Amino acid sequence: MQKARKSDRTRAAILDAAQKLFAQHGHGRTTVRDIAAKASIDPALVIRYFGSKDELFVRAAAFDLRMPDLSKVKRSQIGDTLIRRFLELGEGFTGMTVLLRSAASNDYAASRVRELFAAQVLPAFARVGSRADAAERAGLVASQLLGLALCRYILKIPPVAEMSVEEIVKHIGPTIQRYASGKRSIRPVGNMPPRRILSN
């Protein structure tokens with residue numbers, strides 16, 4: 001029993017170290033030795049418990065977006081709800097940060113982001129508003145949220161990285177709300193009136 005608990009602690013320490021290093025440096029720049037050093041164990045134990053760096057990456061990058069049921073959210077509060085939930089996920093080292101750090105250069109990470117979009121984000125928007133434009137609305141919201149995550153958690157651009165949650169919600173929430181509701185317009189050119197391209 002004691003041996004099993006020690007084994008669990010070792011496995012957890014490896015996974016925690018891997019998540020932090022993958023989030024900071026991405027898949028390509030993180031080695032098994034780096035992970036072992038951070039977990040204060042022998043590198044052989046990383047392979048013993050997880051098989052390979054790639055298999056460990058799969059475990060480290062696993063996470064659930066925990067998308068709220070938007071059909072139960074007041075329509076005028078969808079933007080606020082989504083941005084707050086996203087910020088909850090992003091504060092700290094999570095699978096989301098691991099994936100975003102590596103998605104540009106690692107095929108698994110990129111495919112996992114697409115899978116999360118198809119399995120969790122798109123269905124959430126299909127439950128509210130028109131199904132005909134659900135994919136467009138979900139895609140636009142995802143572009144805003146992923147851009148925010150890149151600036152705040154990966155690139156750490158000072159103004160965005162240092163803003164409080166309430167400031168982020170205040171500035172970005174209305175844009176998320178506009179995309180989520182499908183009410184977006186092309187900026188007018190010259191004297192032409194704005195053209196609505198999505199509406200409920």
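Computed from the coordinates by the stated procedures, all read-outs in this text should not be read as laboratory data. Here the structure is a predicted model, which is why all the values come from computation and not from measurement. All Cβ positions, even for glycine, are placed from backbone atoms using ideal geometry, and neighbour counts span all protein chains on display.
Things worth noting here:
- In this simple spin-label model, placing a label point 7 Å from the Cα along the Cα-to-Cβ direction at both Lys156 and Asp16 gives a separation of 2.1 nm.
- With the Kirkwood sum run over all distinct C-alpha pairs, region 1-86 has a hydrodynamic radius of 14.9 Å.
- Listed by chain and number, the lysines placed with their C-alpha closer than 19 angstrom to that of Lys6 are Lys38; residues fewer than eight positions away on the same chain are left out.
- Partner lysines for Lys156 [C-alpha distance under 22 Å; skip if fewer than 8 residues away on the same chain]: Lys20, Lys170
- Of the trypsin sites (Lys or Arg not before Pro) found in region 14-69, those in coil by DSSP whose Cβ has at most 11 other Cβ atoms within 10 Å are Arg66.
- Separation of region 117-147 and region 35-107, taken as the distance between their Cα centroids, equals 20 angstrom.
- For the pair Arg48 and Ala62 in one chain, pulling the backbone fully straight at 0.36 nm per residue adds 3.1 nm over the alpha carbon distance.
- Likely footprinting exposure, Leu122, Leu82, fewest C-beta neighbours within 10 Å first: Leu122, Leu82
- GluC sites (Glu not before Pro) restricted to region 8-102 and DSSP loop, no more than 12 other C-beta within 10 Å: Glu91
- Label-zone membership for region 139-160, site Ser105, 7 angstrom Cα→C-beta point, backbone N under 20 Å: 147, 149-157
- Integer Hz, Karplus 6.51/-1.76/1.60 couplings in order for region 107-113, x for Gly and Pro: 4, 4, 4, 5, 5, 5, 4
- Relative contact order [Cα under 8 Å, 6+ residues apart], region 70-192, whole percent: 37
- Answer label for Rg and Dmax of the Cα atoms in Å (calculated), chosen among [x] 19.7, 65; [y] 16.2, 51; [z] 20.1, 77: [z]
- Charge-dipole axis of the chain as Lys and Arg at +1 and Asp and Glu at -1 on Cβ define it, positive-most pick from Ala109, Ile83, Leu148: Ile83
- Loop-located trypsin sites (Lys or Arg not before Pro) in region 73-134 (DSSP state not H, G, I, E or B) with no more than 11 neighbouring Cβ atoms inside 10 Å: Lys74.
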